[in-house]
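Please read the structure below before turning to the comments.
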Amino acid sequence: PLPKATLSDLLNAKSTPTRETVIAFLTACGLDDEAQHLWLAAWERVATAHQPRPGGAVRVRDARPRLLGVHAAIQVADVENELPPYVPRDLDADLRTAVTAAAASGGLVLLVGGSSVGKTRALLEAVRAVLPEWWLLHPADTPAISAHAAAPTPRTVLWLDELQRYLNHPAGLTVGAAHRLITAGTVVVATLWPDEYRMRTTRPNAGQPDPYAEDREVLRLAHIIRVPDEFTAAERRRGEALAGTDRRLRIALDTTDAGFTQVLAAGPALIQRWEATDDCYGQAVITAALDARRVGTQHPANRDFLEAATPAYLTPAQQATAPPDWLEHALAYATTPVHGATGCLTPVPAGMGTIAGWTAADYLHQHARRARRTTLLPDPVWKALVAHHHPDDTTTLADNAQRRGRPDDAITLYRYAAHRGDGAAAVRLADMLVGQGRVGEALGVLREHADAGDPYATNRLADVLAEQGRVDELHERADAGDGLAASRLADVLAEQGRVDELHERADAGDGSAASRLADVLGDQDRLDEALGMLREHADAGDGSVASRLADVLAKQGRVDELRERADAGDGSAAARLADVLAEQGRVDELHERADADDRFAAARLADVLAEQGRVDELRERADAGDGSAAARLADVLAEQGRVDELRERADADADDWYAAYRLADVLAEQGRVDELRERADAGNRYAPSRLADVLAEQGRVDELRERADAGDWYAALGLIGVLAEQGRIEAIRDEMTAGTPGAANTLRDMLRSS
């Protein structure tokens, strides 16, 4: 019921009412949801009239679908509308609910699905239905997102179709920017291909590079809705009901060899135009652009690349008889719209009247990536890519060249990236050079970047100098303040038995030398001398020496000194004290220290409780926020096969990562592949690894290959492992050609051993 005062204010236009008041009033007047829609739209216009308009924004209701990424539809005679009527999808209710929730307090809604499955159209229809009067901003690139995040405007939809374009930008889309947008109440909506999502949410193995760590954190903020490749029976029935209003819907429904949305977007016709043509020059230029994208280019293929690469796809006779305007002719063929929708290639502007390059249609790219996955790129194409690529694609191309067994091209590309200041590329370049025995050249690259302050190069330089026994340069760099060089120098001096030099460096304040000297003195039964030196350096603030001192004290059972140092704030001493207390069964003291927020004591207490089977106490501590107890509880539940409770804990708390980890283990042990697959595809960070293990154990090469092609690192390693166990060298060679991680190194090792 509405109070009389509220009704009076409403009828006399005293102030703008809330949305809830308007809905209550309209309902009392007998208007149903459909009839209320126009009234609520009017309220929205009034309520937002005073809100600032972001630069370049339009009202959602006025946004043009094609400019937002909705695929052009096939064209037929007597139908002039740009797009056919929207066929409601089964996912619409969940999608609109997610958009509504995001509108209340900010949020990121992400649709994940393949090319031409209707993601963008469904997203647009949802935003139009829920937020027609909000501002819609379609940023050109990632810096534009950051600029808006610095000063976000209220009641704004940020449209990020093809999210990978923003994630792949050199600046990257940071989780900080995403947080600022969501906190400000922005509704961020985006689309992403399944392989892109899986590639960015799958954690690499320990020690492997993790280029998608930031992307993974951004995607964790998203409400994910998956869009299937095919229409369901219910969706087809809705399409049938609308088919009489637009012949394009009838054509799509009657075509049985491709999906409904794919036919509307002319996807199968694009494949036919590429594969079944007598125009050899048009076909070749399309293939060159597709191959460039297949091996990692994100930016459009430019004219210089196409001119240099296309002849590699032509016979000598076709090259010899090519007309002078062969490239213009080929580009005209490639860019001609199919069924009035889109061409195999689309020109990308570099300003008015200027073409920066051409990009291949998404649907065609996905098809070509499957059809040509084991087809070698001709040498001239690689040379053209090296010479004529966008600088932002250099590192990706270098990685692909290395995986595809083209070390010379990879070295050239890594060198380009290193010259532009990419320290990670410099390290990869150096590693390749060391592998080829070009150590001096590798050291030169690392020195240049280390001296410029790059931490990756600094760390790798110290390792290479130690591996090569370059003690004098390690000395020089250590004396100049390079901590890692000092650590590696101490290792080398200890290995070489140069105790006097270790003494000299330790006396000069080198903590790494002191720590390694303590090892030597301990081996010589000079324990008191070693402890005195370690205490001196630890008390001077050297953390690494403090850790070594704690180890020695624990080994000697000096609990009182460990406790004294721990209570004075020495974390290393606290960690080793907890170990000693656990070993001695002093549970009460562990309890006391854990309750006093000693995280090391909490961890060892959890171990003791688990060993003693005190599950209820573990659960109590876990539910109170003790992460160590949560981890050990997950171990116990896994050991007891209590899958339901593990699943409940994993799904109820995103921070209970160990429950999710152990759940994946149990599912793998029990062979529950379907649930593992479901959790992996939903972005669970631990399921992909165990799923790959199970698939490898079962020899399911095809599924491993499919997941590897979608960017699953674990599946790639599992696939190569199975093929190696089976001795299938040619199959591994094919995987190397396809760019599967690990294939090149495995092939090299197998060829050497044979």
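The values are calculated or read from the model by the stated rules, or taken from the named source; none is laboratory data. Note that the structure is predicted; figures quoted are calculated from it, not measured. Because the Cβ atoms are built from the backbone with ideal geometry, glycine has one as well, and the counts that use them run over all protein chains shown. To get the accessible areas, we keep the full protein, side chains included, count just its heavy atoms, and leave off ligands, DNA and RNA. Shrake-Rupley method; radii C 1.70, N 1.55, O 1.52, S 1.80 Å.
What order, most packed first, do the peptides 185-197, 324-336 have when packing is the mean number of other Cβ atoms within 10 Å of each residue? Walk me through the numbers before you get to the answer.
Working: 185-197: 23.3, 324-336: 17.2.
Those peptides, ordered most packed to least, come out 185-197, 324-336.
Could you list which residues have their amide H under 5 Å from that of His223, counting only those 5 or more apart in sequence or on another chain, with H placed in the peptide plane?
Excluding prolines and chain starts, which carry no amide H, the hits are Leu108, Val109, Leu110.
Kirkwood Rh, region 430-487, all Cα pairs: how many Å? Mind showing how you got there, number by number?
Values: mean 1/r = 0.0902 Å⁻¹.
Radius from the Kirkwood sum: 11.1 Å.
Calculate, for Arg220 and Ala150, the FRET efficiency according to 1/(1 + (r/R0)^6) with r their C-beta to C-beta distance and R0 25 Å; round to the nearest 0.05. Please list the in-between numbers first.
On the way: r = 22 Å, r/R0 = 0.89.
So, using R0 = 25 Å, E works out to roughly 0.65.
Around Thr27, under 13 Å between beta carbons, what's the net of Lys plus Arg minus Asp minus Glu among the other residues? List each step's numbers first, then the result.
Values: positive: Arg19; negative: Glu20, Asp32, Asp33, Glu34.
For residues surrounding Thr27, the net value is -3.
What does the C-alpha gyration tensor say about the overall shape of region 106-184? Classify as rounded when a/c is under 1.5, otherwise prolate if a/b is larger than b/c, or oblate.
oblate
Using a 10 Å cut-off on Cβ atoms, rank the peptides 33-39, 633-639, 450-456, 483-489 from the highest mean neighbour count down. Kindly include the intermediate steps, with their values, before the conclusion.
Values: 33-39: 11.9, 633-639: 21.4, 450-456: 15.4, 483-489: 23.0.
Highest-to-lowest ranking by the protection proxy: 483-489, 633-639, 450-456, 33-39.
First check a/c for the chain, with a ≥ b ≥ c the square roots of the eigenvalues of its C-alpha gyration tensor; if it is under 1.5, answer rounded, and if not, answer prolate when a/b is larger than b/c or oblate otherwise.
On the way: a/c = 2.05, a/b = 1.32, b/c = 1.55.
It is oblate, given that a/c is not under 1.5 and a/b is not larger than b/c.
First obtain the Kirkwood hydrodynamic radius of region 71-208 from its Cα pairs, then insert it into the Stokes-Einstein equation at 37 °C and 0.692 mPa s, and state the resulting D in µm² per second as a whole number. Present the calculation step by step, with values, prior to reporting the outcome.
Details: Rh = 16.3 Å.
Translational D for this selection: 202 µm²/s.
Taking a temperature of 25 °C and a viscosity of 0.890 mPa s, what whole-number D in µm²/s does Stokes-Einstein yield for region 1-127 with Rh from Kirkwood over alpha carbon pairs? It would help to have the intermediate numbers written out before the result.
Numbers: Rh = 17.8 Å.
It diffuses with D of about 137 µm²/s by this estimate.
Running Debye on region 228-376 with equal point scatterers at the Cα sites and no solvent, what base-10 log of I(q)/I(0) appears at q = 0.08, 0.12 Å⁻¹?
Log-scaled intensity ratios, in q order: -0.27, -0.57.
Points 7 angstrom from Cα along the Cβ direction at Arg728 and Asp651: gap in nanometres?
Going from the Arg728 label point to the Asp651 one covers 3.5 nm.
When all alpha-carbon pairs of region 466-607 are counted, what percent fall beyond 22 Å? Each step should come with its number before you reach the end.
Numbers: 4413 of 10011 pairs.
Across region 466-607, Cα pairs with separations above 22 Å total 44 percent.
Sorted from largest down, give the three principal axis spans of the alpha carbons of region 527-579, whole angstrom values.
Principal extents (largest minus smallest coordinate, Cα): 24, 21, 15 Å.
Carbon and sulfur together cover what percent of the accessible area of the chain at a 1.4 Å probe radius?
Values: 17030 of 34900 Å².
Solvent-exposed carbon and sulfur of the chain make up 49 percent of the total.
Could you tell me the center-to-center distance, by alpha carbons, between region 377-454 and region 121-143 in angstrom?
40
Starting from the Cα of Gln436, step 7 Å along the direction of its Cβ; do the same at Asp33; then give the gap between the two resulting points in nm.
Spacing of the two 7 Å Cα→Cβ label points: 6.5 nm.
Tell me, what is the Rg over Rh of region 640-754, with Rh the Kirkwood radius over Cα pairs? Show your work: numbers first, answer last.
Details: Rg = 15.9 Å, Rh = 14.9 Å.
Rg/Rh: 1.07.
If you find the alpha carbon centre of region 710-727 and of region 28-69, how far apart are they in angstrom?
That distance is 51 Å.
Where Rh denotes the Kirkwood radius from the mean inverse Cα pair distance, what is Rg over Rh for region 255-312? Display every interim value, and only then the final one.
Working: Rg = 13.6 Å, Rh = 12.8 Å.
When Rh is taken as the Kirkwood radius, the ratio is 1.06.
Could you work out [θ]222 nm for the chain from helices alone, using -39500 (n - 2.57) per DSSP H run of at least four and dividing by all its residues? Round to the nearest 500 deg cm²/dmol.
Numbers: 45 runs with 470 residues, N = 754.
Calculated at 222 nm, the ellipticity per residue is -18500 deg cm²/dmol.
Please work out the average accessible area per residue across the chain, using the 1.4 Å probe convention, and give it in Å².
Details: 34900 Å² over 754 residues.
Each residue of the chain exposes 46 Å² on average to a 1.4 Å probe.
Could you work out the pair-distance distribution P(r) of region 339-429 from its alpha-carbon pairs, with 5 angstrom bin width and percents rounded to whole numbers?
With a bin width of 5 Å, the distribution comes to 3, 12, 17, 18, 18, 15, 11, 4, 1, 0.
Based on DSSP H assignment, which helices of the chain show an axial Cα extent of at least 24 Å together with a mean Kyte-Doolittle hydropathy greater than or equal to 1.6?
Numbers: long enough: none.
Qualifying helices: none.
Amide H to amide H under 5 Å from Leu136: which residues, 5+ apart in sequence or cross-chain, H placed 1.01 Å off N in plane?
When sequence neighbours closer than 5 places are left aside, the close amide H contacts are Val58, Arg59, Val60, Val157.
Please find the FRET efficiency linking Asp94 to Gln208, where r is the Cβ-Cβ separation and R0 is fixed at 35 Å, and quote it to the nearest 0.05. Intermediate results must be reported in sequence, preceding the final value.
On the way: r = 35 Å, r/R0 = 1.01.
After rounding to 0.05, the efficiency reads 0.50.
Given a Förster distance of 22 Å, report the FRET efficiency between Leu242 and Arg66 from their Cβ-Cβ distance, rounded to the nearest 0.05.
Details: r = 21 Å, r/R0 = 0.93.
After rounding to 0.05, the efficiency reads 0.60.
Just to be sure I understand the curve: with the Debye formula and one point per C-alpha of region 570-694, what is log10 I(q)/I(0) at q = 0.14 Å⁻¹?
Cα-only, vacuum Debye calculation for region 570-694: -0.63.
Long-range amide H contacts for Val338: which residues qualify at under 5 Å (H placed 1.01 Å from N, peptide plane, sequence gap of 5 or more or a different chain)?
Distant-sequence amide H within range of Val338: Gly343.
Which percent of the Cα-Cα distances in region 661-713 go past 14 Å? Write down the numbers at each step before the final one.
Working: 604 of 1378 pairs.
Here the long-distance tail beyond 14 Å is 44 percent of all Cα pairs in region 661-713.
By a straight-distance test (C-alpha under 26 Å), which lysines pair with Lys14 as possible cross-link partners, with residues fewer than eight away in the same chain excluded?
Lys4
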